[in-house]
């Protein structure tokens, strides 16, 4: 898969998480699962699984929560989300001019206290990184690989299998799409050659405010579209 195609697929996947499903999204998930989806039920499942902690089937869509979850006796246990849980992403977002609060986002989830590592935010940002790296230097592509290792792969390694067990055709379709996307991105980027850093809440490579994370080229200082 070419980078521009992978970037488009990443952007499309990002839209499944930050806002409730719409007719266009439903068609894509129906293609992924081969199962017709009822729009009203799919929308309710979106809120129950990704927005409402009291629903009984809530899966917190935040990287800092997902990476600390535990499966005990067939039940998944998630720690409480923290408002500052995704602050390690701030240097990446700042250098690209990416403001998650201004991004197209479901009204139920809008707010200044939304953690920055909502997986919809992460995927939307990653889509831009992949698009900018398309056909550029190996160093720029290595930045994408590093972002994958630090902020994406730790939760995509198990989230698809968790979603595939859901009692919802919509969520199962999302899990299938995320699994296929993970396979595609791993095939496109040699993340096995990138050393996984120790967990830290600091900026990647201690980047200064006016520098790109880990020395990425100026092509990454690109304002992401907010639509």
For this session: Taking the options 32, 63, 14, name whichever one is modelled with pLDDT of 90 or more, surrounded by 14 or more Cβ atoms within 10 Å (Cβ to Cβ) and closer than 30 Å to residue 149 by Cα.
Result: 63
Exercise. If we scan the stretch 97-112, do we find a residue that is surrounded by fewer than 18 Cβ atoms within 10 Å (Cβ to Cβ), out of contact with any helix residue (DSSP H, G or I) (no Cβ under 6 Å at 6 or more places or on another chain), assigned to a helix (DSSP H, G or I) and modelled with pLDDT of 90 or more?
Worked result: no
Exercise. If you take the residues of the stretch 72-95 that are in contact with a strand residue (DSSP E or B) (Cβ under 8 Å, 6 or more places away or on another chain) and surrounded by fewer than 16 Cβ atoms within 10 Å (Cβ to Cβ), which of them is modelled with the lowest pLDDT?
Worked result: 76
For this session: Identify the residue in the stretch 158-171 that is surrounded by fewer than 14 Cβ atoms within 10 Å (Cβ to Cβ) and without any contact (Cβ under 8 Å) to a residue 24 or more places away in the chain and, among all such residues, is farthest from the chain's Cα centre (by Cα).
Result: 165
Exercise. So which residues in the stretch 42-60 are in contact (Cβ under 8 Å) with a residue 24 or more places away in the chain, crowded, with 18+ Cβ neighbours inside 10 Å and assigned to a loop (DSSP other than H, G, I, E, B), if there are any at all?
Worked result: 59
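The values are calculated or read from the model by the stated rules, or taken from the named source; none is laboratory data. The structure presented is a predicted model; accordingly, all values stated were derived computationally and were not measured. Methodologically, a virtual Cβ is constructed for each residue, glycine included, from the backbone with ideal geometry; neighbour enumeration extends over all protein chains shown.
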